[in-house]
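What follows is a set of notes on a single structure, which appears directly below.
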Amino acid sequence: MDHKEAIFQGILEGDMAAVDAATRASLDAGLAANELLDQAMIPAMDEVGRLFEENEYYVPELLIAARAMKAGLAILRPHLVAQGIGSRGKVALGTVKGDLHDIGKNLVGIMIEGAGFEVVDLGVDVSPAQFVQAVEEENAQVIGLSALLTTTMPSMQRTIEALREAGLRDKVKVIIGGAPVTQRYADEIGADGYTRDAAAAAKLVRQMLSED
Ligand code: B12
């Protein structure tokens, strides 16, 4: 089994130690961090999702697979974050109220940080009021909202409304994402941007903040 297969298999089996070892071995062998992410880790989580849909995996398997993926991501993080931070602007990121999925949001954070922005991670289950507070207190120029559940997507709209009510809507760009989110939904709720993945999110932030 090559290193990438070992990472893929390790995530599928929720084997943190195997993912840790294979990720380190891959980097030592000269494989690029983004290659490991795109060709092993993300496909493994997709496969985990498929197995869950087919009732072959249940929540405990999802949890240990997610924990194994996080172990690998932690090793890739310094490699993905190539440049210094804090110089170009500030982005606050959070997973919306009621939603505990944070792998995608964390990845978006890593890529935005890698593009040279300061990232404030608000965590998961973040209420509209907490996003408003982050804009007020942290002076974030962009906020990123993540949702993985169709039932929590409406909290994105509520957050945009809360920003409007607080008189902050013109001061901050709102970007949204997560597997069930679409460009169409972003247009519908009046978000400023949507991307399908973390690399595109970093590009979008760069565009938004260079316009100012
Ligand atoms: C891992 C996982 C979990 C883990 C989460 C662990 C963690 N710390 O994140 C646990 C076990 C906790 C979990 C729980 C649940 N889950 Co779950 N989970 C998943 C799974 C398998 C993978 C998600 C993931 O991490 N993907 C990998 C990352 C990298 O991808 P991503 O999140 O989509 O992020 C990328 C893009 O979307 C984008 N992006 C993400 N956020 C943002 C933000 C911005 C601003 C931008 C621009 C871009 C962006 O960039 C990212 C990187 O490229 C998915 C299935 C799937 N394939 O999506 C189900 C899934 C999301 N879960 C699901 C369900 C139903 C649940 C539970 C309700 C199960 C239950 N019965 O308890 C609970 C809900 C808990 C809660 N309140 O949130 C369903 C949702 C169905 C739906 N339509 O709403 C899914 C789709 C599985 C399924 N097919 O049924 N889950």
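Observations
- Restricting segment 36-58 to residues that are at pLDDT 90 or above and over 15 Å from E13 (Cβ atoms) leaves a set whose member that is surrounded by the most Cβ atoms within 10 Å (Cβ to Cβ) is L36.
- Near pairs, Cβ below 7 angstrom, 6+ apart or cross-chain, from segment 60-75 (of a type in the set (K, R)) to any residue that is more than 8 Å from the ligand (Cβ to nearest atom): R67/G14; R67/M16
- Filtered residue count, segment 174-187, keeping only those that are surrounded by fewer than 16 Cβ atoms within 10 Å (Cβ to Cβ) and free of Cβ contacts under 8 Å to residues at least 24 places away in the same chain: 4
- Within segment 131-156, being over 11 Å from L93 (Cβ atoms) and within 13 Å of the ligand (Cβ to nearest atom) holds for A147, L148, L149, T150, T151, T152, M153, P154, S155, M156.
- Elements of type helices (runs of 4 or more DSSP H) in segment 73-173, at least 2 residues being surrounded by fewer than 21 Cβ atoms within 10 Å (Cβ to Cβ) and of a type in the set (D, E): 128-138, 154-165
- For A200, the conditions (1) touching a Leu at 6+ places or on another chain (Cβ under 8 Å); (2) closer than 19 Å to T95 by Cβ; (3) without any contact (Cβ under 8 Å) to a residue 12 or more places away in the chain are fulfilled apart from (1).
The values are calculated or read from the model by the stated rules, or taken from the named source; none is laboratory data. Bear in mind that the values here come from a model prediction, so they are computed numbers and not experimental data. Using ideal geometry, Cβ is built from the backbone for each residue, glycine included, and neighbour counts are taken over all protein chains shown.
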